[in-house]
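J.: I'd like to ask you about the structure that follows.
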Amino acid sequence: MIVELLERHGQGGGCGHEARGFRYHSSFIVADRAAGYVLETAGREWAVEEVTGARTISNGLTIPGFAERHSDRIKTWGSRCRIRQRLTEEGARRARGVGDLFAVLRSHGEGGRGPGLRPLDRRPGGAVCTPGRAGGELADHRLLVADLRADGGRHWVTATAAPCTGLFKPVRVGDRLDLGPTPTDVADPDSLWWRHERLHRWVLRNPARLLPLYAGERDEVERRWLASPPSPADAFAEGDRLLAEWTAAVAAAQVPDTRPLRVRRFWQRRDRLARLG
């Protein structure tokens, strides 16, 4: 179906939420309990390759022959996709369970200094998680870890931005969860995404001091859930209670804002636009 639609309609349209002129062509990993395949595209052209072992795509073409014909050297370099592919594949090969994949998705890449922007470089060093960018763009990672097994599968999501500051929760296909209104550009306390975003933006002020205030408890909750998964409804309810506690603890901490001045001004502007008081 993906290939049929691609050949019939091609690709196009704005891919950025605010920068509508931003464009890219998509790649996919399609998998079930029996097998997995990488599908890469360029315009109406495509290539497919079966997955053996660990495999990531990470915003760059990877299928031999197809990648050489269609990759753009400048964009490949600028996106750091080759660094990210190497780091994520190495992490996936070392993984011994779902929890290890959570850590891979929270990686800030080579030279990563926690959730934030390196002061003189708009291009993260192969980061998987890029939550605090101030080069005129925002990164929003609502991620899925699919645990596909012959005896049944389970999926894990944060349902919020920035996995490094979020909590992975179990979900099942077909379950309906009340996450509040669909988030817009204006902060809404009834939206789970925006409730977490308040915590996330506080942590960005000084991640080295603020993230450790709750990361240990967060990691322990994930380990407990991985060992004995609660129902999705119970997990989201506990997660929301913990989110309120963690937000209060972070907001009450008296620590300096360590972000470079231009990053600080960027987020002050974003907060005003979102009416995030």
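J.: Quick one: with all protein chains in place, what share of the accessible area of region 26-88 is carbon or sulfur, to the nearest percent (1.4 Å probe)?
T.: 54
J.: Mind checking the dipole of the chain: about its Cα centre, +1 per Lys or Arg Cβ, -1 per Asp or Glu Cβ, Debye to the nearest 20?
T.: About 1180 debye.
J.: Sticking with this one: Quick check on the chain: helices-only [θ] at 222 nm, where DSSP H runs of length 4 and up contribute -39,500 (n - 2.57) each and the sum goes over total residues. Nearest 500, please.
T.: -12000 deg cm²/dmol
J.: I need the phi-derived Karplus couplings for region 251-260: 6.51 cos²θ - 1.76 cosθ + 1.60, θ = phi - 60°, integer Hz, Gly and Pro marked x.
T.: After applying 6.51 cos²θ - 1.76 cosθ + 1.60, I find 5, 7, 5, 9, 10, x, 7, 9, 6, x Hz.
J.: Same structure, new question: Note down the net charge around Arg172, summing +1 for each Lys or Arg and -1 for each Asp or Glu among other residues with Cβ under 12 Å from its Cβ.
T.: Charge balance in the 12 Å sphere: +1.
J.: Between beta-carbons, use under 12 Å as the cut-off and find the net charge around Tyr37, counting Lys and Arg +1, Asp and Glu -1.
T.: Net charge around Tyr37: -3.
J.: How much area per residue is accessible in the chain when the probe is 1.4 Å and only protein heavy atoms are counted (Å²)?
T.: 57
J.: Could you tell me what percent of the accessible area of region 170-247 is made up of carbon and sulfur, with a 1.4 Å probe and every protein chain present?
T.: C and S atoms contribute 53 percent here.
J.: Evaluate the distance, in nm, between pseudo-label points positioned 7 Å from the Cα of Leu179 and of Arg272 along their respective Cα→Cβ axes.
T.: According to this spin-label approximation, the distance is 3.0 nm.
J.: Now for a separate question. For region 186-277, give the magnitude of the charge dipole about the Cα centre (Cβ charges: +1 Lys/Arg, -1 Asp/Glu; no others), in debye to the nearest 20.
T.: 840
J.: Under a Cβ-Cβ cut-off of 12 Å, what is the net charge of the residues other than Gly13 that fall near it, where Lys and Arg count +1 and Asp and Glu count -1?
T.: Every neighbour counted, the sum reads +2.
The values are calculated or read from the model by the stated rules, or taken from the named source; none is laboratory data. Remember, predicted model here, so these are calculated numbers, not experimental data. Reconstructed Cβ throughout: ideal geometry from the backbone, glycine too, with neighbour counts over all protein chains shown. Just so you know, the surface numbers come from the protein's heavy atoms only, side chains and all, with ligands and any DNA or RNA stripped out. Shrake-Rupley method; radii C 1.70, N 1.55, O 1.52, S 1.80 Å.
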